[in-house]
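These notes concern the structure reproduced below.
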Amino acid sequence: MAGRVTVRDVARRAEVSTATVSRVVNGTARVAEGTSRRVAAAIDELGYPGGPAAQARTRHVALVVPSITNPFFPELVTGARAALARSGYSLLLVDAEDPEAEARRLARSRLVDGILLVGSHTPRPRRGPGQPRVPVVAIDRTPTSWRAPVVECDSYQGARTVTAHLASTGHSRIAHLAGPAHLDVAARRRRGYRDALRERGLRLDPTWVVRGDFSEESGHRAALRLLEVARPPTAIFAANDLMAVGALAALRGAGVRVPQDMAVAGFDGIRVGRYTLPTLTTYAQPVLDMSRRAVVLLLAAIRDPTGPSAATPPLPGRLVVRESTGGPP
């Protein structure tokens with residue numbers, strides 16, 4: 001809906017009077033349950049800035065992630081918590097199988113003033129009606145349920161950089177452990193990998209691209225599968241560090257030496273990569289900068305829900321060369 005949403009717009013959508021909308025929003029009088037639900041749905045659908053969440057601040061912000069077992073997400077907490085504390089806000093960490101559905105539930109609950117979301121993790125995310133009731137800023141992945149500013153690393157350029165590094169060390173048969181097909185961030189990393197090969201005139205064998213789910217287990221399975229193809233690759237670029245860690249374990253168990261027989265590189269820059277055997281080459285995301293930028297955008301939206309969304313160009317990361325591709329110990 002164009003322009004600022006008013007109480008009259010909500011009343012028209014819910015087919016009630018403006019006085020009824022005010023009673024629901026402010027809780028000044030009892031309203032029939034069915035009517036209250038209708039008004040709440042209209043507020044969500046239209047993105048009415050005068051909804052209950054705008055009436056009183058909780059001074060809480062939620063960070064909703066698909067899995068706290070992935071070390072990348074707790075590192076987001078470090079930066080976000082410090083940035084929020086400086087503005088007098090507390091951070092609630094929420095681990096959810098369906099982050100976008102959980103974000104919508106939190107928005108309805110009035111428990112938080114805003115949400116930092118790492119979403120789009122389910123193959124078919126549930127679509128809710130309209131924009132959530134509180135401001136949302138996405139990190140790393142574009143939400144599929146609604147529009148929100150996204151703070152992310154330049155995954156495409158990072159993947160090109162890692163693939164180019166592998167090629168520069170003499171590898172021409174470079175495989176890719178791809179991320180989930182429904183994630184835009186995984187698609188950008190796969191595209192960067194493909195373009196880097198094309199730019200160098202290197203062949204892309206379809207059997208060298210194996211899809212995983214960003215877990216160590218899927219990286220382990222994918223690496224073993226690559227060893228069985230007719231013409232195995234000599235290097236692996238994994239779309240995240242956890243899959244690379246799983247690949248290292250699989251290769252070690254199969255008696256494949258890294259990097260002498262097979263080089264391995266990942267993406268994310270999680271701390272465990274410093275301590276794998278061998279240590280892991282990776283493209284390190286600027287996690288602290290990402291979390292701080294997301295907090296700045298979110299706090300601005302909390303202060304002015306009707307303000308324009310700031311442009312958020314992708315942030316550059318950096319290549320960290322370690323032993324798994326022949327770098328220094």
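The values are calculated or read from the model by the stated rules, or taken from the named source; none is laboratory data. Since the structure is predicted, the reported quantities are computational estimates derived from the model, not experimental observations. Glycine gets a Cβ as well: all are built from the backbone with ideal geometry, and neighbour counts include every protein chain shown. Protein only, heavy atoms only, side chains kept; ligands, DNA and RNA dropped before computing areas. Shrake-Rupley method; radii C 1.70, N 1.55, O 1.52, S 1.80 Å.
Any idea which residue in region 94-109 is most open to solvent (accessible area, probe 1.4 Å), counting only those that are touching a strand residue (DSSP E or B) at 6+ places or on another chain (Cβ under 8 Å) and not in a helix (DSSP H, G or I)? Quick ask: steps written out before the conclusion?
Within region 94-109, the first condition is being touching a strand residue (DSSP E or B) at 6+ places or on another chain (Cβ under 8 Å), and the residues that meet it are 94-96, 99-100, 102-103, 106-107.
Still in the list and also not in a helix (DSSP H, G or I): 94-96.
Details: VAL94: 27, ASP95: 81, ALA96: 9 Å².
The residue in question is ASP95.
Take the conditions closer than 22 Å to CYS153 by Cβ, in contact with a Gly (Cβ under 7 Å, 6 or more places away or on another chain) and not charged (D, E, K, R) and apply them to LEU319. Does it pass?
It is false that LEU319 is closer than 22 Å to CYS153 by Cβ, in contact with a Gly (Cβ under 7 Å, 6 or more places away or on another chain) and not charged (D, E, K, R).
Among the residues in region 188-196, are any farther than 24 Å from GLU152 by Cα and either buried (at least 22 other Cβ atoms within 10 Å of the Cβ) or over 16 Å from the mean Cα position of the chain (by Cα) (or both)?
For region 188-196, residues farther than 24 Å from GLU152 by Cα and either buried (at least 22 other Cβ atoms within 10 Å of the Cβ) or over 16 Å from the mean Cα position of the chain (by Cα) (or both): absent.
Condition (residue is open to solvent by less than 60 Å² (accessible area, probe 1.4 Å) and without any contact (Cβ under 8 Å) to a residue 24 or more places away in the chain) applied to region 256-273: is it met by at least one residue?
Among the residues of region 256-273, not one is open to solvent by less than 60 Å² (accessible area, probe 1.4 Å) and without any contact (Cβ under 8 Å) to a residue 24 or more places away in the chain, which makes the answer no.
Could you please let me know if LEU298 is closer than 20 Å to ALA164 by Cβ and either out of contact with any Cys (no Cβ under 8 Å at 6 or more places or on another chain) or part of a loop (DSSP other than H, G, I, E, B) (or both)?
no
For LEU226, are the conditions met, namely being free of Cβ contacts under 8 Å to residues at least 12 places away in the same chain and not basic (Lys, Arg)?
Here the answer is no, as LEU226 does not meet what is asked.
Do we find a residue being modelled with pLDDT of 75 or more, crowded, with 17+ Cβ neighbours inside 10 Å and within 26 Å of LEU183 (Cβ to Cβ) anywhere in region 8-22?
No: zero hits.
So which residues in region 292-316 are more than 23 Å from GLY158 (Cα to Cα), at pLDDT 90 or above and either open to solvent by 70 Å² or more (accessible area, probe 1.4 Å) or of a type in the set (Ser, Thr, Tyr) (or both)?
Within region 292-316, just VAL296 meets the criteria.
Condition test on LEU297, is it touching a strand residue (DSSP E or B) at 6+ places or on another chain (Cβ under 7 Å) and within 30 Å of ASP113 (Cβ to Cβ)?
yes
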